[in-house]
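This report concerns only the one structure given below.
The values are calculated or read from the model by the stated rules, or taken from the named source; none is laboratory data. All of these numbers come straight from a predicted model, not from anything done at the bench. Positions of Cβ are generated from backbone atoms using ideal geometry, with glycine treated the same way; all protein chains shown enter the neighbour counts.
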Amino acid sequence: MIDFHPVSIGDGAACGCVRCGPAPEAAYASVAEVEACLTAVRPAPGAPSDPGRSIAGGVALVGPEPFAHPELPALVAMCRRAGFARIALETDGSALAAHGNAVGVLHAGVRHLWVRVLGADDATHDALGGRPGRGAASRLGVAAYLEAAATTGVTVAVTAVVPVCEHTLGELPAIVAACAQRGFHAVRLEAARSLPSRAATVVAAACDTGMVNRVWVSTDGALLLPETHRLHGEPDGGPITPASGAGGVR
Amino acid sequence: MTAPLKVALLALNSPGYQSLALGYLRAYAQADDRLKGRVGFQTLDLTTDDDPWWVAYRIIALEPDVLAASVFCWSARAVYDICRIVKQALPDVRIVLGGPEVGPIAAEVLRAHPVVDAVVRGEGEAAFADVVDLARRGKPFSRADGVTARDATGAPVAAPDRTLIADLDAIPSPYLAGVLEPREGSAYVETFRGCPHDCAYCFEGKGYGRIRSFSRERVEAEIAFLAGESGVRQFSFIDSVFNLTPDRLRWLSDMLAPHAARGLVLHTVEVDIERVDDEAASLLRRAGVVSVETGPQSIGAAALAACRRAFDADRFAAGVTALKRQGIRVETDLIAGLPGDTAEDFLKGVAFCLSLDPGKIQTSTLHVLPGTDLYLHAAELGLRFDPEPPHEIVATRDIGFADLRRLEARSVHIARLYAARIEGD
């Protein structure tokens, strides 16, 4: 319902399951390249609203880990200048706790975080992500961002993005419960691979785990859900899979 | 000389709010010649966050002869707990309840809560003064019109309905009477009672028949006092519709404009948004209005019909646009679980509100309130709800229990996605 225009800041992904395949090498786009993509999706000034349809106005910087981009502040400032009121970062969250990054991005205007989560605990996250120490760092980073938002009275939306593959599938309910405990506002389950038919049952259980822990769980269209859980299968404007078409140099 | 009757007035408000009702009850009773010098009042204007045992402790310390509580759906459970505790500690205290949660189901309340002695039905000021006078004279409460009390066996007995107060100016301003103090620079203003609408889910105006207004002189005097020597910087108008008529809106705007020019603001006044054009929006801005609250509650044809609500998408959108042009934030409200609405209808309503970029989206699930048409006709409408307050909807004919809970969670999520934005750019 709330459109986020995905703008890729380079090749690669913030965090993915290395057992499904090696992590791609990150290659970052230049500011000029990102700006060209941003120009294509920026909201038209005074564009008339279209009752009954979704609103424009969000942009998401997606692709490789944004905190490793040498010009991240410039990219965020550019999004702001382009007129976007909702700016999202797709990240593994591990850099948020360091160097005042959580406060920094909040002040810069980032109100949405899409944090990729691979496991219910640090060890599992590290093992599947192939990057030791990232699980704990991500947990601390999200906490720092939420604390900064609470301190300044700013409303933010922090969504866990969980790639669903045969390695994360069995743990999905536990991941959702862990995300709720860490303060995530929502969880997005994204199909990373084709899955066995039993996946629908587990995905439904993950949705139910979200309900009892007061965190909304949504799924992308590629994940099968029982009819009873159809409300979890519709987009609300959270994270968008790369397949849905990010502009940029992906 | 007989010792004055001691009356404790209790309200449990949502945090951050005060009870204007207690102010009215006390101001009216204190002005009653029968009670002057014969009754002492204590007001306990507390919140739902306060622990019932702590509230009971405070009441018991006052040793009241009468405990009178204003009861809403959100405070009822705690009030019942408190009454039970207080009655154990003070067996002779007489407990009187009033308010929209109990008035429409007075007899049921008395049957379910043996510690309660009487329930005031409907508008409370005059009936409450009579009850206090009867308590002072040791007479049964059932002698007061508009009150349901107990007979000698303890069974509920209802006195005739009470005629409404024709001249609202007979009710003293609680602020001018000195029984209610503005809190944190904020005060309440009521300029009329009743509602021009007749929405099936709402209790507002039920039993009032027609709109009754305070005189303009009375409202102006109250506002001048509050904005002047009381230093109030923010008013909460509790009128059901701020833009009731063009003439009235212009009067309010003219009266409030000088105060607004000095920085006084009005937050979340309720408006009929489909009657807001550029001129009305300008008058609202001039009055100091910075945000308004409005429907549509639903955009589904079946629910609108079942709830007797009108909705015109184009007029609604035009109203939002006119207000936004004046820099006024619009809070659009939607209710999940109205009869006739499907889950898809509700989500279309959310999408409609989002498409207008109003400023705030507020969603809630239906509470089937006593005294409303939905409460009276719940079975035939297929509404299943918790009979205990706050009477939240459990399932409807079109939306099951689980999907209602999903809609709650999902709409909270969407509202957060919408609210998480850079402000002021």
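Things to note:
- Every residue from segment A:1-45 that is surrounded by 14 or more Cβ atoms within 10 Å (Cβ to Cβ), within 14 Å of chain B (Cβ to nearest Cβ) and either of a type in the set (V, I, T) or not in a strand (DSSP E or B) (or both): A:M1, A:I2, A:R42, A:P43
- Verdict on B:A159 being buried (at least 24 other Cβ atoms within 10 Å of the Cβ), more than 22 Å from B:E204 (Cβ to Cβ) and in contact (Cβ under 8 Å) with a residue 12 or more places away in the chain: no
- Selection count where residues are closer than 28 Å to A:A143 by Cβ and not in a strand (DSSP E or B), scope segment A:187-201: 1
- Of all residues in segment B:397-425 being more than 15 Å from A:L231 (Cβ to Cβ) and outside any loop (DSSP other than H, G, I, E, B), the one that is farthest from the other protein chains (Cβ to nearest Cβ): B:A415
- Complete set of residues in segment A:194-250 that are more than 11 Å from chain B (Cβ to nearest Cβ), within 14 Å of the chain's Cα centre (by Cα) and at pLDDT 90 or above: A:T219
- Residue check, B:L22 assigned by TED's automatic domain parsing to the domain that holds B:A76, in contact (Cβ under 8 Å) with a residue 60 or more places away in the chain and within 19 Å of the chain's Cα centre (by Cα): yes
- B:D50 being within 20 Å of B:P174 (Cβ to Cβ), without any contact (Cβ under 8 Å) to a residue 40 or more places away in the chain and either in contact with a strand residue (DSSP E or B) (Cβ under 9 Å, 6 or more places away or on another chain) or not in a strand (DSSP E or B) (or both): no
- Residue within segment B:139-153 that is assigned to a strand (DSSP E or B) and in the same structural domain as B:A261 (by TED's automatic domain parsing) present: no
- Test result for B:P358, surrounded by 16 or more Cβ atoms within 10 Å (Cβ to Cβ) and away from chain A (no Cβ under 14 Å): no
- None of B:A378, B:A351 is within 14 Å of chain A (Cβ to nearest Cβ), of a type in the set (A, V, I, L, M) and either under 30 Å from A:R86 (Cβ atoms) or crowded, with 18+ Cβ neighbours inside 10 Å (or both) except B:A351.
- Test: residue in segment A:218-230 that is of a type in the set (G, A, S), under 18 Å from A:T124 (Cβ atoms) and not in a loop (DSSP other than H, G, I, E, B): no
- Single unsatisfied condition, A:E71 versus (1) without any contact (Cβ under 8 Å) to a residue 24 or more places away in the chain; (2) more than 24 Å from A:A150 (Cβ to Cβ): (1)
- B:T372 vs. criteria crowded, with 17+ Cβ neighbours inside 10 Å, within 30 Å of B:G263 (Cα to Cα) and among the hydroxyl-bearing types (S, T, Y): no
- Segment B:25-44, subset in a strand (DSSP E or B) and touching a residue at least 40 places away in the same chain (Cβ under 8 Å), residue surrounded by the fewest Cβ atoms within 10 Å (Cβ to Cβ): B:T43
- B:A351 being without any contact (Cβ under 8 Å) to a residue 12 or more places away in the chain, more than 19 Å from B:Y201 (Cβ to Cβ) and out of contact with any helix residue (DSSP H, G or I) (no Cβ under 8 Å at 6 or more places or on another chain): yes
- Candidate set from segment B:74-90 (those that are in contact (Cβ under 8 Å) with a residue 60 or more places away in the chain and among the hydrophobic types (A, V, I, L, M, F, W, C)); member that is farthest from B:G205 (Cα to Cα): B:I82
- Within segment A:98-127, the residues that satisfy the criterion of being assigned to a helix (DSSP H, G or I) and charged (D, E, K, R) are A:D122, A:D126.
- Yes/no for B:V394 being of a type outside the set (D, E), more than 11 Å from every other protein chain (Cβ to nearest Cβ) and surrounded by fewer than 19 Cβ atoms within 10 Å (Cβ to Cβ): yes
- Contacts under 8 angstrom Cβ, first residue in segment B:250-270 being modelled with pLDDT of 95 or more, partner acidic (D, E) and buried (at least 20 other Cβ atoms within 10 Å of the Cβ), 6 or more apart: B:V269/B:D239; B:E270/B:D239
- Within segment B:321-336, if we keep just the residues that are in a strand (DSSP E or B) and more than 14 Å from chain A (Cβ to nearest Cβ), the residue that is farthest from B:A280 (Cα to Cα) turns out to be B:I335.
- When restricted to residues that are of a type in the set (F, W, Y) and in contact with a helix residue (DSSP H, G or I) (Cβ under 9 Å, 6 or more places away or on another chain), segment B:73-94 contains 1.
- The criterion of being farther than 17 Å from B:T191 by Cβ and surrounded by fewer than 21 Cβ atoms within 10 Å (Cβ to Cβ) holds for B:G263.
- Matching entry among B:V93, B:V109, B:V147 (being buried (at least 24 other Cβ atoms within 10 Å of the Cβ) and touching a residue at least 12 places away in the same chain (Cβ under 8 Å)): B:V147
- Here B:A318 qualifies as within 11 Å of chain A (Cβ to nearest Cβ), in a helix (DSSP H, G or I) and in contact (Cβ under 8 Å) with a residue 40 or more places away in the chain.
- Residue within segment B:337-344 that is in a helix (DSSP H, G or I), surrounded by fewer than 21 Cβ atoms within 10 Å (Cβ to Cβ) and either away from chain A (no Cβ under 14 Å) or out of contact with any helix residue (DSSP H, G or I) (no Cβ under 9 Å at 6 or more places or on another chain) (or both) present: yes
- Top-ranked residue of segment A:82-126 - restricted to ones that are touching a Leu at 6+ places or on another chain (Cβ under 9 Å), closer than 20 Å to A:V154 by Cβ and charged (D, E, K, R), ranked as nearest to the other protein chains (Cβ to nearest Cβ): A:R86
- Selection within segment A:128-186 - assigned to a helix (DSSP H, G or I) and among the aromatic types (F, W, Y): A:Y145
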